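S.K.: Structure incoming, see below.
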Amino acid sequence: MPENLTPRSAAPATVVPLHGEIDVLSAGALARRLDALTDRPGADLVLDLRPVAFIDCTGLGVLCRARARVLARRGRVRLVADSPMFLRMLRATGLRDVFEVLPRVPAYAHAR
């Protein structure tokens, strides 16, 4: 289960660092948290997946759901990922061109 789902507000994005495993056991909690963060128009989320040790298809489904909710409300979602395995998984599932993937959290997102 992701150990830390506490978002850091950053102008203009909300950075959500994720940790641990995102799988069938933790997906429900993560989905509820992301639903809360994506319920307003124009949400701008940066999901930092670098500390994630494992993600399965259920976890990918949660990310896709968050993306759909954000786009429906004219917002933006980006993934921060540098794991070759995760990036291969995105390519293999056809999601690499669906998500905007960054190698690091944008510098402006560190500002409070």
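The values are calculated or read from the model by the stated rules, or taken from the named source; none is laboratory data. What you see is a predicted model; the values in this text were computed from it and never measured. Reconstructed Cβ throughout: ideal geometry from the backbone, glycine too, with neighbour counts over all protein chains shown.
S.K.: So if I check each of Val24, Val46, which one is of a type in the set (A, V, I, L, M, F, W, C), surrounded by 13 or more Cβ atoms within 10 Å (Cβ to Cβ) and touching a Ser or Thr at 6+ places or on another chain (Cβ under 8 Å)?
M.R.: The match here is Val46.
S.K.: Return a yes/no flag: does the stretch 63-72 have any residue that is in contact with a helix residue (DSSP H, G or I) (Cβ under 8 Å, 6 or more places away or on another chain), in a strand (DSSP E or B) and closer than 16 Å to Leu30 by Cα.
M.R.: no
S.K.: Taking the stretch 73-91, which residues are over 13 Å from Ile55 (Cβ atoms) and part of a helix (DSSP H, G or I)? Can you show your working first?
M.R.: So the first thing to find is which residues in the stretch 73-91 are over 13 Å from Ile55 (Cβ atoms), and the list is 73-78, 80, 82, 84, 91.
Across the stretch 73-91, the qualifying residues are Pro84, Arg91.
S.K.: Please find, among Arg65, Arg8, the residue that is basic (Lys, Arg) and modelled with pLDDT under 95.
M.R.: Just a single option satisfies the conditions, and that option is Arg8.
S.K.: Something else about it: Looking at Ala31, Ala36 in this structure, which one is of a type in the set (Gly, Ala, Ser), surrounded by fewer than 17 Cβ atoms within 10 Å (Cβ to Cβ) and without any contact (Cβ under 8 Å) to a residue 60 or more places away in the chain?
M.R.: After applying the criteria, what remains is Ala36.
S.K.: Determine, yes or no, whether Arg112 is part of a loop (DSSP other than H, G, I, E, B), at pLDDT below 95 and surrounded by fewer than 17 Cβ atoms within 10 Å (Cβ to Cβ). Walk me through it before giving the result.
M.R.: On the way: part of a loop (DSSP other than H, G, I, E, B): yes; at pLDDT below 95: yes; surrounded by fewer than 17 Cβ atoms within 10 Å (Cβ to Cβ): yes.
So Arg112 fits the description; yes.
S.K.: Residues of the stretch 77-106 being closer than 17 Å to Asp23 by Cα and loosely packed, with under 11 Cβ neighbours inside 10 Å, which ones?
M.R.: Result: Met85, single match.
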